[in-house]
Amino acid sequence: MSDAPADPDALARGARPRSIGARIRRVEDPRLLTGHGSFTDDRIVPDALHVAFRRSDHAHALIRSVDVAAAAALPGVVAVLTAADLADLAPVRATSRMRDYHATAQAPLATGKVRYVGEPVVAVLAESRYLAEDALELVEIAFEGLGPVSDPEAAAREGATLLHEEAGTNVLARREFARGDVEAAMAQAPVRVGGRFRMHRKTPAAMENRSYLAEYDRGRRLLTLTSSTQIPGIVRDLLVELLDLPGHGVRVVAPDVGGGFGGKASLYQEEVLVAVLARRLGRPVRWTSDRLEDLISTSQGFDERVEAELGLDADGRILALRADVVGDVGAYSIYPWTAALEPVQVVSFLPGPYRVPAYRGRVRAVCTSKAPTGPYRGVGRPVSTFVMERLIDMAAGRLGLDPAEIRRRNLVRPDEFPYRTASGIVWDRSAFTESLAAVLEAADYAGLRAAQARARAEGRLVGIGLATYAELTGIGSRISAAPGMPINTGTEQTTIRLDSTGAVTAAFGVASHGQGLETTLAQVIADELGCRIEDVQILQGDSAAVAHGTGTYASRSAVLGGGAATLASRDLKAKLLRAASHLLEAGTDDLEARDGAIRVAGTDRAVTFRQVARAVYSEMGRLPKDAREELESTRVYDPFFGTATSATHLCLLEIDPATCRVRLDRLVVAEDCGRIINPMIVDGQVHGAVAQGIGAALYEEVVYDAGGQLLSASLADYVVPAASEVPPIDIVHLEAELPATVGGFRGMGEGGTIGAPAAIANALADALSPFGIAVTELPVTPERLFRLMAAARTPAASNPPKEPSSWISS
Amino acid sequence: MSAAHDVDVTVNGRAYRRRVEPRLLLHDFLRHELGLTGTHAGCEHGVCGACTITLDGDSVRACLTFAVQADGARIETVEGLGTPEALSPLQEAFREFHALQCGFCTPGMLMTCVDLIRKYPLASDAEIREGLSGNLCRCTGYEHIVRAVRAAVARQRETTP
């Protein structure tokens, strides 16, 4: 695959191809392919102590007593700690300006009581991980059970057992969005469809388990935390506050990070604890999670129950939408996002890319005795899209409309942008209708329907499903990434400089964990500055690199990082040109920068970046004193609102009625992510996100039993799709109109996980339509499918499909 | 805890001798005793495949193997394939087809592919996918890995008639 120019005509004219838009091979790859990557646990540090945690095996219980004497006496054990040993440390609270919100207090070790199975209670420090784990078995904890808080709907009722007594309720957040008179509009709607929907809990399951290494340099009074985190800046700021240290006394470094998907985008008790202990003991302290710990303690996602109804006119045009959402947020309101993040997004994004004149969405975020939830790829929108797209298809079925046609009638049209949704989100122009048209054409929709009819005639269960969605990406300072969150995630700062040798170094607050930002940000800078990608080094994932940074999450880094890179590169280029104009004795308008040199256009007179740098920094006298500007620029980019990214997914699948295996035969994605920096990387993001969507739709489910014990505590029980479960994915890239973001980029890391579950759910419902089965619950595992089909085969089920209620108690 | 044992292994052509506890897992041995941190532990229960190495010519989960079981064995790890300056043809194909994102599962994925390419014709994508199905990757959705393996197999066929 060659580095194809973005603009072949430009190449024909002799212009150098821009690297933006080209399939540039990644800068990161050589080290990662050869075992030379540096993940947190790969760092070899002599004399490090290893932490192991004794975790709660109770869902909700008082800690009556803890006996650590035997553990502490084991040779090789250096210390054994309980909450009492950390009493001087304030608990972490994720605050929010949101009304009716209750923060929760979370200490590094459970204090007084435990609230989920897996919560750390005792920490053992030993000379090796093996010894630390040996000692765990000698710790004696006496628990007094308080009864699990498992069902969020029961937990939301008056008189329910409280997990956090000081909150006075288990409902940690509630919110309502409304537009128009939804009751009146619904009452007048000739067609109404609705149901109770359920998305079961997921876990991000990044292949690298969480890992932290803290080192304290007493001489320099510098605490360095190497962390498998997506948010080094946020963790640094919190540690500074918690430990009352100056900002330059704490450095958080996210080195190579093995995937995140949101699971590493929150603060964790373990990283606070290793930082505190390293400082206290003056020895390096490290902890690397095993997979069991990951599955019971890394933030989980998507656990919602949604009751929703859609009203339409006789032509299939939406009149009203109403929904009640209960989010099961687990035991704590996670820092910094709060428990409101995921469930509120379900309600704020439910109207999706459609014209919805009247809307009311209510949500409650309810705590339960399960692992805390947090951001997981897609956040809220995989659930809102699943529900809305099912409602749209149910309405199409009722009206006898083709699923494509009902979408055409309701999608916001190109001439209606900017469009303010019923929940207040403003969509800038994005390829809503165009992506639907493109997917139908790419998949030969009419041909697929004809083939489906033939297959059905043979008795085969073949289904076709569509899903169109929109998401808000590159969110700026106008909107908090999470409601009321007091942390600014809406700006990104970069410093780009040319050093005295002419090398370009650019520092960002983003923290790549697989996205290839060292490549894509270098592409942007190379084009804007006029140098080669290999001349640019990207510093990221290091809180010391920039004055303010947060990290990489929420499909922000290409939009905000790329925007900041563009602004700072332009600044720096202007400085370079001014210096070069003295050296070349030419006006800046006559100069052009390319391949790391500045030329007088149309001549062979040129100076390299290195020569300019020497003239500025070293060779005094070559430039007038006033012309020696520092070759550095720091710029902050704030997209203010953010920009819409949209797509339509199409799924073709077949169910084997004997085994209940679902075979995905085709997945087609038509998406609009604005200007594409590197199409190879964009394709990879879509593939990976769709694979997680396939998992969400068909396989992945975090299962707690009624007592609050986690049953899906291994990768044999929590089923992540393998190569045999993920089909090839066809992608059509569209650019409806470049957004107003600097650079024209839209965020695109999450969309695949948003669209795929809905498209698969609709295809399943289509395949099962001969049975009259309503698909209202994901994942549709083979067992769930078997039960649905068995129930449908019984005589009672020849009636119109009842909304299954079994999940409420299960 | 029982007495330590001597372990003699050849890793990527280099001989090592270490004295270890019998319970030491092979991935910990490679990473901590030999400093070969390219082999990663993803699940430590044999499902994800991130720790895959070859042991006497067969792909093996280092997390399900004790170091003492490797006594006398020839081991290959990702560090033995190519260097950042000179990638092996398989590594080069992974880079060309963007078959890695975060890179954490990649060493195990590569070592599985080394074993598969040596032993099987991999004539179809279905065969490649079946071969890869014991290694989990959460980033790529596998399609680009399949393409990389397909290309590596085709190129090897061209060069070795």
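Every read-out reported here was derived from the displayed coordinates using simple, explicitly stated rules and does not represent laboratory data. Predicted model only: the values in this text are computed from it and were never measured. Note that we place each Cβ from the backbone using ideal geometry, even for glycine, and neighbour counts take in every protein chain shown.
Give the calculated FRET efficiency between residue A:280 and residue A:38 to the nearest 0.05, with a Förster radius of 45 Å applied to their Cβ-Cβ distance. Calculated transfer efficiency: 0.95.
How many angstrom lie between the Cα centre of segment B:1-43 and the Cα centre of segment A:121-136? Centre-to-centre distance over Cα atoms comes out at 21 Å. Taking a point 7 Å from the Cα of residue B:125 along the Cα-to-Cβ direction, the residues of segment A:730-746 with backbone N closer than 15 Å to it are A:730-732. Both the radius of gyration and Dmax for segment A:491-637 are 15.5, 49 Å, in that order, over alpha-carbon atoms. Modelled spin labels at residue A:665 and residue A:601, positioned 7 Å past Cα toward Cβ, are 5.7 nm from each other.
Counting only DSSP beta bridges whose two residues both lie in segment B:5-80, roughly 90 percent are antiparallel. The alpha carbons of segment B:89-159 occupy a box of 30, 22, 18 Å along the principal axes, longest dimension given first. Beta-bridge orientation, chain A: approximately 75 percent antiparallel, per DSSP, counting only bridges with both partners inside. If R0 is taken as 25 Å, the Cβ-Cβ distance between residue A:157 and residue A:65 corresponds to a FRET efficiency of 0.15.
Pairs of Cα atoms nearer than 8 Å and 6+ residues apart set the relative contact order; for segment A:582-707 it is 12 percent. Shape descriptor for segment A:406-550: Rg over Rh equals 1.15 (Cα atoms; Rh from the Kirkwood inverse mean 1/r). Take every Cα-Cα pair in segment B:1-151 and report what % of them are more than 18 Å apart. So the portion of pairs separated by more than 18 Å is 55 percent.
Treating each Cα of segment B:5-80 as an identical point scatterer and summing with the Debye formula, the log10 of I(q)/I(0) at q = 0.15, 0.19 Å⁻¹ comes to -0.40, -0.67. If the chain linking residue A:793 and residue A:420 were pulled fully straight, counting 0.36 nm for each residue of separation and taking away their Cα-Cα distance, it would gain 129.8 nm. Any idea how far the Cα center of segment A:393-408 sits from the one of segment A:277-336, in Å? A separation of 31 Å, based on Cα centres.
Determine which residues of segment A:506-540 fall in the zone a paramagnetic label at residue A:499 would reach in this model, i.e. backbone nitrogen under 16 Å from the point 7 Å along Cα→Cβ. What the label zone holds, given the 16 Å backbone N cut-off, is A:506-508, A:534-540. Between residue B:45 and residue A:187, the FRET efficiency estimated from the beta carbon spacing at R0 = 45 angstrom works out to 0.20. With the largest listed first and rounded to whole Å, the semi-axes of the equivalent ellipsoid of the protein assembly as shown from the Cα gyration tensor are 41, 38, 30.
Diffusion coefficient (Stokes-Einstein, Kirkwood radius over C-alpha pairs, 10 °C, 1.306 mPa s) for segment A:469-557: 112 µm²/s, rounded to a whole number.
First obtain the Kirkwood hydrodynamic radius of segment A:479-518 from its Cα pairs, then insert it into the Stokes-Einstein equation at 10 °C and 1.306 mPa s, and state the resulting D in µm² per second as a whole number. For these conditions, the coefficient is 124 µm²/s. Listed by chain and number, the lysines placed with their C-alpha closer than 30 angstrom to that of residue A:575 are A:625; residues fewer than eight positions away on the same chain are left out.
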